[in-house]
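Here the structure is laid out as structure tokens; the discussion comes afterwards.
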């Protein structure tokens, strides 16, 4: 492993990250309600550490190997989340310890949206803005942003991109050069964020709230500047805008790129994953609306509106809410949590196991049934017109099995720590799926769980954000021997 090159890259990335603590300082100066000092300290500490790591190796150049890329991504996300916790820890937030600050930072950068803060409306604007900004940076992956810069510094970025980009197939490029791919993704991401912010502002949000919520909407993060989340605004127009942009952000960004380049909707209509994604949203919305009408006596329009918003919010793993959905009748809270296991499309900012994996698992199950009926038959699994290799199918099954195994390990640890089954199950689901809100004791926030549970759930967020194997490969002896 090229340790000196890795240290140099980490120093560069920390220096880049330190710059992100400047906007909250500007926000503190504009609103004058404090918090700027904590971010100045965080900026200085991050910048100084980055310089210490970078300067001894500033003339070193080289190309990362595959395993170096995995190590850099895991190391960076871990270190970045810890350094991102510094201004939160130094801010004047009541009963905020180190575990709380790290949990909140991990939750922001992994776009999970789980919070340990009880009274958001009382926080300084700088802290509120910073939380939203963390999610926006984590949404597409700050590594992808760095990949666009690293080639200019003499460092190839393809290994970082493969390790960071979510989804089961990671070798496709939107442009011939990896830096161009990263830039294309960020142009789309920035364009969606701008459109979302303008739409929120025109619908009645303040400029501050519009910018902040556009960050967490397009990032599919779910952080809000208010305890009541989107429900605080009490606006059907804002809810509709939020639903639309959550839905768009849960789609594979390569489809957005292809659609813009061709000025056509065909990339969407021909994509099998997109069709399944929309079908899941429609089916879960229908079930939820009918249940609300029958069990709660809600009116048709209210039931459909609430069902659509919360289905999209939970199924895309955003986690926004307009009301206490966890108090909904019968199986609805569990249904919405289970929808988050499927999550968004591969190549989107959404969490979960991804729609494409769910589709492949379904096709594989169907094939096994056909084999029972026709033992000598040969059946190929197709996605559209493409016949998939058995290696991809095996990889999906391996991912699913590992995901389930890790899920139960985390859940058992939380139960051993004293949490009840519903709380433990939903907390792990919410964090591994990068969803945010859970059930039971973590329905409103995660403030009342132990520090051990917060550390475990922070690790679960990281596993979910890096899609299990990027992190798990580091625990393999073979990785360190190769």
* To do: Can you tell me the relative contact order of segment 324-482? Whole percent, Cα pairs under 8 Å, sequence separation 6 or more.
  => 21 percent
* **Residue exposure sequence - 390, 239, 63, 273 - by fewest surrounding Cβ within 10 Å** => 390, 63, 239, 273
* Reference-scaled alpha-carbon Rg (2.2 N^0.38 Å with N residues) for segment 37-88 -> 1.36
* To do: Name the shape class, rounded, prolate or oblate, that the alpha-carbon gyration tensor gives for segment 296-378, where a ≥ b ≥ c are the square roots of its eigenvalues, rounded holds for a/c under 1.5, and otherwise prolate holds if a/b is larger than b/c and oblate otherwise.
  => prolate
* Asked: Fewest first, what order do 57, 310 take by the number of other Cβ atoms within 10 Å?
  -> 57, 310
* What's the exposure ranking of 46, 107, 206, 235, going from fewest to most Cβ atoms within 10 Å? -> 206, 235, 46, 107
* Principal axes of segment 81-122: Cα extent on each, largest first, Å -> 24, 18, 13
* Ranked from highest to lowest mean number of other Cβ atoms within 10 Å per residue, what is the order of the peptides 255-267, 109-121? -> 109-121, 255-267
* Structure fact -> Contact order relative to length for segment 175-259, counting C-alpha pairs under 8 Å separated by 6 or more residues, stands in percent at 32 percent
* To do: Using only the Cα atoms of segment 365-482, construct the convex hull and provide its projected area averaged over every direction, in square nanometres to one decimal.
  => 10.9 nm²
* Rg [Å, one decimal], Dmax [Å, integer] - segment 241-285, C-alpha atoms -> 10.9, 32
* Structure fact -> The relative contact order of the chain, taking Cα pairs under 8 Å that sit 6 or more residues apart, comes to a percentage of 17 percent
* Asked: Based on the alpha-carbon gyration tensor of segment 415-482 and its eigenvalue square roots a ≥ b ≥ c, which shape applies: rounded if a/c is under 1.5, prolate if not and a/b is larger than b/c, or oblate?
  -> prolate
* Cα centroid distance between segment 200-269 and segment 429-447, in Å? -> 21 Å
* Over all alpha-carbon pairs in segment 240-335, figure out the percentage whose distance exceeds 20 Å. => 41 percent
* Asked: How long, wide and thick is segment 1-123, going by the Cα atoms along their three principal axes, in whole angstroms, largest first?
  -> 48, 27, 19
* Gap in Å between the Cα centre of segment 26-84 and the Cα centre of segment 317-362? -> 32 Å
* Starting from the alpha-carbon convex hull of the chain, give the projected area averaged over all orientations, in nm². => 24.0 nm²
* Under the classification rounded if a/c is under 1.5, otherwise prolate if a/b is larger than b/c and oblate if not, where does segment 316-430 fall, given a ≥ b ≥ c as square roots of the Cα gyration tensor eigenvalues? -> prolate
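Any read-out appearing in this document is the output of simple, stated calculations on the displayed coordinates, not a laboratory observation. Remember, predicted model here, so these are calculated numbers, not experimental data. Using ideal geometry, Cβ is built from the backbone for each residue, glycine included, and neighbour counts are taken over all protein chains shown.
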